[in-house]
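Notes follow the structure.
The values are calculated or read from the model by the stated rules, or taken from the named source; none is laboratory data. Worth saying up front: this structure is predicted, and the values here are computed from it rather than measured. Neighbour counts are summed over all protein chains in view; Cβ atoms, including those assigned to glycine, are modelled from backbone coordinates with ideal geometry. Just the protein is used for accessible areas: all its heavy atoms, side chains included, with ligands, DNA and RNA removed. Shrake-Rupley method; radii C 1.70, N 1.55, O 1.52, S 1.80 Å.
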Amino acid sequence: QGNVPIDFLNRLQAQKYRLNTQVLDVADWCYQKRREVGKLRISDPRPRLESFIGDPTIDEDRFRAWKRSQRQIDDFNAQLHQYNWRATETMFVARMYRDEECFWIPWSFDYRGRVYPQNTALNPQGTDFDKSLLYFADEGPVNEYWLAWHVATTYGNDKLSHEGRVQWTRDNVQLINQIAEDPLGTISLWENLNDQGKPNGEPWCFLAACLEYKACVID
């Protein structure tokens, strides 16, 4: 295919990004408070149970239940590093690039011709949380229609028509404004989208979209 694939990669790699510091501030609070939201998962070790009181040979059922509970705690603690790794790495990289005016992402083809970023954290193909932290460094004119479409989609309304999504956003300006003005004070309104019958809800991208809609449209 000649130089076309290389030109394609180079165009991707020429795209400049910067950090969404408003979302990062909220994420920093959640990280420090061990508040799990969507794909931002961070937990402390669970305490082990107190020693079993009684005779295991006499109270076999209760002893088996105690052993089962203790094993579940030990299994959770053993896997905790891996469980916390993704959020920890993303936060580490985001803090490192917080004050950069822009940065770039390297891309490559795999053996099937699919294109993937070479950095594992903070990339456009990452989790809902990763994506919410990214801005294009070069700003452009606001398109209210598609920004409204995006707000509704990240809320989990991806089954609505295009017009239906845009109308949902315009009908919920008060909610969007409330969240954008005080993300931490309204965290209960956006943190559990996946638990509200919206399997495709993206709480972090929804927060970022609310902040953008308020700044670009409401204000």
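With respect to the conditions (1) at pLDDT 95 or above; (2) open to solvent by less than 100 Å² (accessible area, probe 1.4 Å), E101 falls short on a single one, namely (2).
For the stretch 179-202, the tally of residues that are closer than 23 Å to V142 by Cβ, buried (at least 17 other Cβ atoms within 10 Å of the Cβ) and not hydrophobic (A, V, I, L, M, F, W, C) stands at 2. All of Q15, Q1, Q32, Q72 fail the test of being within 16 Å of L122 (Cβ to Cβ) and either in a loop (DSSP other than H, G, I, E, B) or modelled with pLDDT of 90 or more (or both), apart from Q15. For I42, the requirement of being surrounded by 12 or more Cβ atoms within 10 Å (Cβ to Cβ) and either touching a Ser or Thr at 6+ places or on another chain (Cβ under 8 Å) or without any contact (Cβ under 8 Å) to a residue 24 or more places away in the chain (or both) is met. For the stretch 120-130, indicate whether the set of residues that are part of a helix (DSSP H, G or I), among the charged types (D, E, K, R) and farther than 19 Å from Q15 by Cβ is non-empty. Yes, the stretch 120-130 has at least one match. Only a single item in (1) under 21 Å from the mean Cα position of the chain (by Cα); (2) crowded, with 16+ Cβ neighbours inside 10 Å; (3) of a type in the set (S, T, N, Q) is not met by N172, and it is number (1). For the stretch 81-121, the set of residues classified as farther than 17 Å from G38 by Cα and under 15 Å from the mean Cα position of the chain (by Cα) consists of F92, V93, A94, T120, listed by residue number.
Going by the structure shown, is P141 part of a loop (DSSP other than H, G, I, E, B) and within 14 Å of W204 (Cα to Cα)? When the stated conditions are applied, P141 does not pass them. Residue check: I53 meets all listed conditions (1) in contact (Cβ under 8 Å) with a residue 24 or more places away in the chain; (2) farther than 22 Å from W104 by Cβ; (3) open to solvent by 40 Å² or more (accessible area, probe 1.4 Å) but one, namely (1). So, F206, is that one under 25 Å from Q13 (Cα atoms) and open to solvent by less than 40 Å² (accessible area, probe 1.4 Å) or not? Criteria not met by F206.
Residues in the stretch 104-144 that are aromatic (F, W, Y) and open to solvent by less than 60 Å² (accessible area, probe 1.4 Å): W107, F129, Y135. When the stretch 67-87 is filtered for residues that are open to solvent by less than 90 Å² (accessible area, probe 1.4 Å) and under 19 Å from S51 (Cα atoms), the ones remaining, listed by number, are S69, Q70, I73, D74, D75, F76, N77.
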